[in-house]
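For reference, the structure discussed in these notes is given below.
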Amino acid sequence: MIRTATLQDIDALVTIENQCFESDRLNRRNFRYLLTKGHAVTQVVEEDEIIGGYVLVLFHRGTSTARLYSIAVDKTCRQSGIGRSLVQAAETAALMRDTITMRLEVRDDNTPSIRLFESMDYRQFGRYLKYYADEADAVRLEKRLVNNSPANLVTVPYYRQTLDFTCGPASLMMAMKALDHQLELSRQLELRLWRESTTIYMTSGHGGCGPYGMALAAYRRGFPVSVYVKDDETLFIDSVRSEEKKEVIRLVEADFLQEINHCNVAVQYHCLTTGEIIDALDNGAIPVVLISSYRIYKEKFPHWVVVTGHDDRFIYFHDPYVDEDRGKTKLDCLNMPIPQQEFERMARYGKSGQRAALIIYPKV
């Protein structure tokens, strides 16, 4: 019988964990957190009141991707199909949460596990070098859990932002790299783009980047670009209280717009629709979109992502921010599937529902 784990199962879970893994083990505190507070589902297989294995799946707010975080089977119960049954139970739990993709990583020397997942239609799509505590590599696997048409994905190289305030430059770098494979992605370029694009104050520390500065940064590097904003009101003006800071934001934005008026950069005063995003992708361009991070991270700050694909239900994007505090890895931030209606709601920021996006086109 497979059932949802409870706090009474922790002793058995820890015993199986210690039996199956020599490093990177979950401890009692980890299990307690995941069973009570974590955005996760843990299921166990039980026979005659003895737990023979478990599977743990993590979910992330605002996305339709699940991560099979851990699976373990007691040594006395192996070769009995329990592992396969646990994976199937994990997939069912994921589908019940409207999740369409399951991802995981497994040691590259764990041949039995890799064979099991591949026999269940998981495909390898990369690896992490020296991923585990003993520096073993990890194979990255994923499976699409629904049978609708496959996603139309663009090959967009991933770049993780290195600072809390550089999501804009990181997203812009990914878009430009997808269109120009000769472009070198580096932290130096990330910071240079940030310096060129900074528009707003954060509540503390450094400022963030707005669409006009980012558009000019792309234009200077030879990329045709269009800017989409809801209207001609000053962006992010409500993010600060000080009148002095508000005036700085107005002046910086006015300066960007003055420069844009002397460049071949189109500014469109209307909200970029999901249909227009899809058309841009299908015609070889890459959209970079401002979203509200609240729907994913429950924190209210503007956040840039780069759109990488679509299908009949979902928009996919790379998120440059890897929230390690919530157990996320780079794996969770690649081609994140978001229901199209949810993406429409997500792609606005602040009380006034500000909208901002860029379309980056191939060099002429």
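The values are calculated or read from the model by the stated rules, or taken from the named source; none is laboratory data. It should be emphasised that the depicted structure is a prediction, and the values quoted were computed from it without experimental measurement. Using ideal geometry, Cβ is built from the backbone for each residue, glycine included, and neighbour counts are taken over all protein chains shown.
Can you find even one residue in region 345-356 that is closer than 27 Å to Val146 by Cβ, touching a residue at least 12 places away in the same chain (Cβ under 8 Å) and either acidic (Asp, Glu) or not assigned by TED's automatic domain parsing to the domain that holds Asp232 (or both)? Scanning region 345-356 turns up no residue that is closer than 27 Å to Val146 by Cβ, touching a residue at least 12 places away in the same chain (Cβ under 8 Å) and either acidic (Asp, Glu) or not assigned by TED's automatic domain parsing to the domain that holds Asp232 (or both). Scanning region 215-262 for residues that are assigned to a loop (DSSP other than H, G, I, E, B), in contact with a helix residue (DSSP H, G or I) (Cβ under 8 Å, 6 or more places away or on another chain) and under 28 Å from Glu184 (Cβ atoms) turns up Arg221, Phe223.
Of the residues that make up region 148-162, is at least one in a loop (DSSP other than H, G, I, E, B) and among the basic types (Lys, Arg)? Taking every residue of region 148-162 in turn, at least one turns out to be in a loop (DSSP other than H, G, I, E, B) and among the basic types (Lys, Arg).
For region 321-364, a residue qualifies if it is on the phi > 0 side of the Ramachandran plot and modelled with pLDDT under 85, and the qualifying residues are Gly327, Gly350, Gly353.
Pairs linking a residue in region 49-71 that is under 15 Å from Leu13 (Cβ atoms) and of a type outside the set (Gly, Ala, Ser) to a residue that is modelled with pLDDT of 90 or more and assigned to a loop (DSSP other than H, G, I, E, B), with Cβ atoms under 9 Å and 6 or more positions apart or on different chains, are Ile51/Ala5; Tyr54/Ala5; Leu56/Ala5; Leu56/Leu26; Tyr69/Leu26.
Can we say Asp98 is over 16 Å from Val57 (Cα atoms), touching a residue at least 24 places away in the same chain (Cβ under 8 Å) and acidic (Asp, Glu)? Judged against the criteria, Asp98 is not a match.
Quick one: would you say Val57 is buried (at least 20 other Cβ atoms within 10 Å of the Cβ), touching a Phe, Trp or Tyr at 6+ places or on another chain (Cβ under 7 Å) and under 30 Å from Ala347 (Cβ atoms)? Give the derivation first.
Values: buried (at least 20 other Cβ atoms within 10 Å of the Cβ): yes; touching a Phe, Trp or Tyr at 6+ places or on another chain (Cβ under 7 Å): yes; under 30 Å from Ala347 (Cβ atoms): yes.
Yes.
The single condition among (1) surrounded by fewer than 15 Cβ atoms within 10 Å (Cβ to Cβ); (2) in contact with a Pro (Cβ under 9 Å, 6 or more places away or on another chain); (3) closer than 30 Å to Arg313 by Cα; (4) not aliphatic (A, V, I, L, M) that Gly275 does not satisfy is (2). Scanning region 92-112 for residues that are more than 30 Å from Gln340 (Cβ to Cβ), buried (at least 17 other Cβ atoms within 10 Å of the Cβ) and not hydrophobic (A, V, I, L, M, F, W, C) gives Arg107, Asp108. Residue count for region 278-308, restricted to those that are surrounded by 15 or more Cβ atoms within 10 Å (Cβ to Cβ) and either in a strand (DSSP E or B) or at pLDDT 90 or above (or both): 18.
Do we find a residue being surrounded by 12 or more Cβ atoms within 10 Å (Cβ to Cβ) and more than 28 Å from Gly81 (Cα to Cα) anywhere in region 138-152?
Taking region 138-152 and keeping what is surrounded by 12 or more Cβ atoms within 10 Å (Cβ to Cβ), we get 138-146, 151-152.
Checking which are more than 28 Å from Gly81 (Cα to Cα) leaves us with 151-152.
Yes, the conditions are met somewhere in region 138-152.
Just the residues that are within 21 Å of the chain's Cα centre (by Cα), basic (Lys, Arg) and not in a strand (DSSP E or B), please, taken from region 70-110. The one that is within 21 Å of the chain's Cα centre (by Cα), basic (Lys, Arg) and not in a strand (DSSP E or B): Arg97.
I need the full set of residues from region 21-65 which are under 23 Å from Tyr122 (Cα atoms), in a strand (DSSP E or B) and modelled with pLDDT under 90, in order please. The answer is Phe59, Thr65. Taking each residue of region 197-226 that is at positive phi and looking for partners that are modelled with pLDDT under 95 and surrounded by fewer than 23 Cβ atoms within 10 Å (Cβ to Cβ) with beta-carbon atoms closer than 9 Å, six or more apart or interchain, yields Gly205/Asp164; Gly205/Phe165; Gly222/Lys363; Gly222/Val364.
Based on this model, can you work out whether Met173 counts as assigned by TED's automatic domain parsing to the domain that holds Val306, out of contact with any strand residue (DSSP E or B) (no Cβ under 6 Å at 6 or more places or on another chain), surrounded by 14 or more Cβ atoms within 10 Å (Cβ to Cβ) and not charged (D, E, K, R)? So Met173 passes the test.
Mind checking which residues of region 111-143 are assigned to a strand (DSSP E or B) and among the hydrophobic types (A, V, I, L, M, F, W, C)? Give the derivation first.
In the first step, residues of region 111-143 are kept if they are assigned to a strand (DSSP E or B); the result is 123-128, 138-143.
Listed by number, the residues that qualify are Phe125, Ala138, Val139, Leu141.
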